[in-house]
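> Questions regarding the structure given below will be posed in turn.
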Amino acid sequence: MDSKELSELRELVEFLKASEIAEFKWTRGEVQLEMKFQSAAPAPGIDMTHLAQLMAHAAPAPVLPAAAAASPAAVESTPAAAPEPSHHIVKSPIVGTFYESPAPGSPPFVKVGDVVEAGQILCIVEAMKLMNEIEADASGEIVERIAQSGQPVEYGQPLFAIRAK
């Protein structure tokens, strides 16, 4: 581990302590890191966007923070109806901010009713000022956009429901 990576790791540990995260697991290649703190619950005002930025900069691999969910007051979300069991769900591969279009004011990459092919860009998830294009991993019709543009998303959070062709 070089000095830059060590510095980033120190910054991450300090952020986790200050945020009162109870448990954290991280894997990057063959390196695995697991931390458990005495705090039983995350702080109500935890800044998940800052955590996402730290992790996106420190590791391009997916981040799996266990017990690091923000309280309902910290992240606004609208509960989505459960998609049909036959629908394929495209999930966020990273923590970041969901955007449905390539730039403010431009049309979305896809909308409900569009037919997409595997590999087609569906949206962007921004992490640490890096715009990560999220592609369809199945072909079919977009039946629901689950995430809201401009809102934070977690690793594994559903973004779109696709009715397979």
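The values are calculated or read from the model by the stated rules, or taken from the named source; none is laboratory data. Keep in mind the model is a prediction, meaning the values are calculated, not measured. For neighbour counting, all protein chains shown are included, and Cβ atoms are generated from backbone atoms with ideal geometry for every residue, glycine included.
> Looking for something out of contact with any Phe, Trp or Tyr (no Cβ under 9 Å at 6 or more places or on another chain), modelled with pLDDT of 65 or more and either part of a helix (DSSP H, G or I) or under 20 Å from I94 (Cβ atoms) (or both) - is there at least one such residue anywhere in the range 29-40?
Yes, the range 29-40 contains at least one residue that is out of contact with any Phe, Trp or Tyr (no Cβ under 9 Å at 6 or more places or on another chain), modelled with pLDDT of 65 or more and either part of a helix (DSSP H, G or I) or under 20 Å from I94 (Cβ atoms) (or both).
> Also: Checking E144 against (1) surrounded by 13 or more Cβ atoms within 10 Å (Cβ to Cβ); (2) charged (D, E, K, R); (3) without any contact (Cβ under 8 Å) to a residue 60 or more places away in the chain, only one condition comes out false. Which one?
Here E144 meets the rest and fails (3).
> Condition first: at pLDDT below 90 and not charged (D, E, K, R). Can you find one or more residues in the range 143-165 that meet it?
yes
> Do we find that E154 is in the same structural domain as P93 (by TED's automatic domain parsing), touching a residue at least 60 places away in the same chain (Cβ under 8 Å) and within 10 Å of K91 (Cα to Cα) in this structure?
yes
> All but one of (1) among the β-branched types (V, I, T); (2) closer than 20 Å to S86 by Cα; (3) touching a Phe, Trp or Tyr at 6+ places or on another chain (Cβ under 8 Å) hold for V112, so report the exception by its number.
In the conditions (1) among the β-branched types (V, I, T); (2) closer than 20 Å to S86 by Cα; (3) touching a Phe, Trp or Tyr at 6+ places or on another chain (Cβ under 8 Å), V112 misses (3) alone.
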